[in-house]
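*Asks:* Handing you a structure now.
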Amino acid sequence: MNLRDLHYLVALAEHRHFGRAAEACFVSQPTLSTQIKKLEEELGVALVERTPRKVLLTEVGREIADRAREVLNEVEQIRAVARRTRDPESGTVRLGIFPTLGPYLLPHSVPMVREAFPRLELLLVEEKTEVIVRLLREGKLDAGILALPLHEDSLHVEYLFEEPFVLAVPLSHHLAHKQGQLKLADLSHESLLLLEDGHCLRDQALEVCHLAGAGERNGFRATSLETLRQMVSAEVGITLLPTLAVKPPVAASGNLHLIEFKHPAPSRRLAMVWRKSSAMDGFLQKLAAVFKRLPPELLDPRSIATPTRPGKPAGAKAKAPHA
């Protein structure tokens, strides 16, 4: 038994197809099939059920594949120790980040990372939170930036910063005049546009709705923050947006009024997480420190420029419509 054979078995467990597994391992299908057969003979058990349409692992095959994945992850940790010993600030870090944060945080933070660690290769993976956590467990990611709370005992959590929410409404909305004075109670009986299931921002917005006595707009679930933004501009409804998502370089949207909440504002807490067993722990602490240095004004909703009504002078507040 060798690491190569374990790698073939793990690939087969993931792809459930000899051809695709062989392609992922950069070998021919007969080579992979032969090595899996030799592994079965060595262990004295059947690892694979071969059917005309697909490949299924036996019960013992699945268990051995899980353990093989752990072994390969530990081997990669050994290699990482050696790389970091030779040059702690070079090499590769595979970082996961979720879609409602990545496009808005990374333009600000990646230049700081490059400046701090010019030899570092930062590989970014954008996925929903549950996928990032799974990839961390499997050793396919080194770290992730996620929203708290997280219920995963195997992960070290390094708090980064707190990001306030703002309320996005059309300019004609009756709450548009409440700049800086908006309270959660003002959302009582409102229906908010929200993201589809699987986005952690949806769960955060639902929690705010619950606290405020607000609800969800029926019949609509967006796939992205940009969709939410455009639906508000089109006067379909109102929504909550994270502050970073409305700061430059994000372009302002017409007919969109952004309202800051009165302190304390609803917010989300962001953290960088990695496996407690990671050989990169010391370096990841340094990397997290760079993300913590985000300029405070980027997290301050008071500096958000809001469009005004046509014909209004810059800085003028839109008046609330008459009842």
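The values are calculated or read from the model by the stated rules, or taken from the named source; none is laboratory data. Just so you know, these numbers come straight off a predicted model, no measurement behind them. Glycine also receives a Cβ, built like all others from the backbone with ideal geometry; neighbour counts cover every protein chain displayed. Surface accessibility is based on the protein's heavy atoms, side chains included, excluding ligands, DNA and RNA. Shrake-Rupley method; radii C 1.70, N 1.55, O 1.52, S 1.80 Å.
*Asks:* What are the trypsin sites (Lys or Arg not before Pro) within segment 72-136 that DSSP puts in a loop, where the Cβ has at most 12 other Cβ atoms within 10 Å? Walk me through the numbers before you get to the answer.
*Replies:* On the way: sites: 79, 83, 84, 86, 94, 114, 119, 128, 134; in loops: 119, 128.
Counting only loop positions with at most 12 other Cβ atoms within 10 Å, the trypsin sites (Lys or Arg not before Pro) in segment 72-136 are 119.
*Asks:* If you take the beta carbon distance between residue 203 and residue 40 as r and set R0 to 35 Å, what does 1/(1 + (r/R0)^6) give as a FRET efficiency, to the nearest 0.05? Could the numbers behind the result be given before it?
*Replies:* Working: r = 44 Å, r/R0 = 1.26.
It comes to 0.20.
*Asks:* Still on this structure, please answer the following. Specify whether the C-alpha gyration tensor of segment 210-257 places it in the rounded, prolate or oblate class, a ≥ b ≥ c being the square roots of the eigenvalues: rounded for a/c under 1.5, otherwise prolate if a/b is larger than b/c and oblate if not.
*Replies:* Values: a/c = 1.95, a/b = 1.49, b/c = 1.31.
It is prolate, given that a/c is not under 1.5 and a/b is the larger ratio.
*Asks:* Taking the alpha-carbon distance from residue 38 and a cut-off under 16 Å, which aspartates and glutamates remain once sequence neighbours fewer than 8 residues away in the same chain are dropped?
*Replies:* 5, 49
*Asks:* Kindly sort 272, 1 by accessible area of their heavy atoms, largest first, with the probe set to 1.4 Å.
*Replies:* Accessible-area ranking of 272, 1, largest first: 1, 272.
*Asks:* Mind checking which aspartates and glutamates have their C-alpha under 14 Å from residue 247, skipping anything on the same chain fewer than 8 residues away?
*Replies:* In chain and number order, the partners are 163, 226, 260, 297, 300.
*Asks:* Write out the GluC sites (Glu not before Pro) in segment 1-89 meeting two conditions: DSSP loop, and at most 13 other Cβ atoms within 10 Å of their Cβ. Intermediate values should be presented prior to the final figure.
*Replies:* Working: sites: 14, 23, 40, 41, 42, 49, 59, 63, 70, 74, 76, 89; in loops: 89.
Listed in order of number, the matching sites are 89.
*Asks:* Could you tell me which of 171, 228, 159 has its Cα farthest along the dipole of segment 145-235 towards the positive end, charges placed at Cβ (Lys, Arg +1; Asp, Glu -1), taken about the Cα centre?
*Replies:* Going by the Cα projections, it comes out as 171.
*Asks:* Once P(r) over Cα pairs in 10 Å bins from 0, in percent is worked out from the coordinates, which option in [x] 5, 24, 35, 27, 8, 1; [y] 5, 22, 24, 20, 15, 9, 4, 1, 0; [z] 6, 20, 25, 25, 16, 7, 2, 0 does it equal?
*Replies:* [y]
*Asks:* Can I ask one more? Mind checking segment 208-248 for GluC sites (Glu not before Pro) that DSSP puts in a loop (not H, G, I, E or B) and that have at most 16 other Cβ atoms within 10 Å?
*Replies:* 235
*Asks:* Work from the charge dipole of segment 109-156 (Cβ charges, +1 for Lys and Arg, -1 for Asp and Glu, about the Cα centre) and give the residue of 118, 148, 133 farthest towards its positive end.
*Replies:* Among 118, 148, 133, the one farthest towards the positive end of the dipole of segment 109-156 is 118.
*Asks:* Evaluate the charge dipole of the chain about its Cα centre and quote only its size in Debye, nearest 20, assuming +1 on the Cβ of each Lys and Arg and -1 on the Cβ of each Asp and Glu.
*Replies:* Using only the charged Cβ atoms, the result is roughly 820 debye.
*Asks:* Let me ask you something else. Per the 1.4 Å probe, what fraction of the accessible area of segment 145-217, in percent, lies on carbon and sulfur atoms?
*Replies:* On the way: 1590 of 3190 Å².
Carbon plus sulfur share of accessible area: 50 percent.
*Asks:* To continue, here is another question. Given the protein chains as shown and a 1.4 Å probe, how many square angstrom of residue 276 are accessible, to the nearest 10?
*Replies:* Rounded to the nearest 10, that gives 130 Å².
*Asks:* Then there's this: Measuring with a 1.4 Å probe in the full set of protein chains, what accessible area per residue, in whole Å², belongs to the chain? Write down the numbers at each step before the final one.
*Replies:* Details: 16540 Å² over 323 residues.
Roughly 51 Å² per residue, with all protein chains present.
*Asks:* For residue 182, what residues show an amide H to amide H distance below 5 Å, using hydrogens built from the backbone and excluding near sequence neighbours?
*Replies:* Under 5 Å from the amide H of residue 182: 262.
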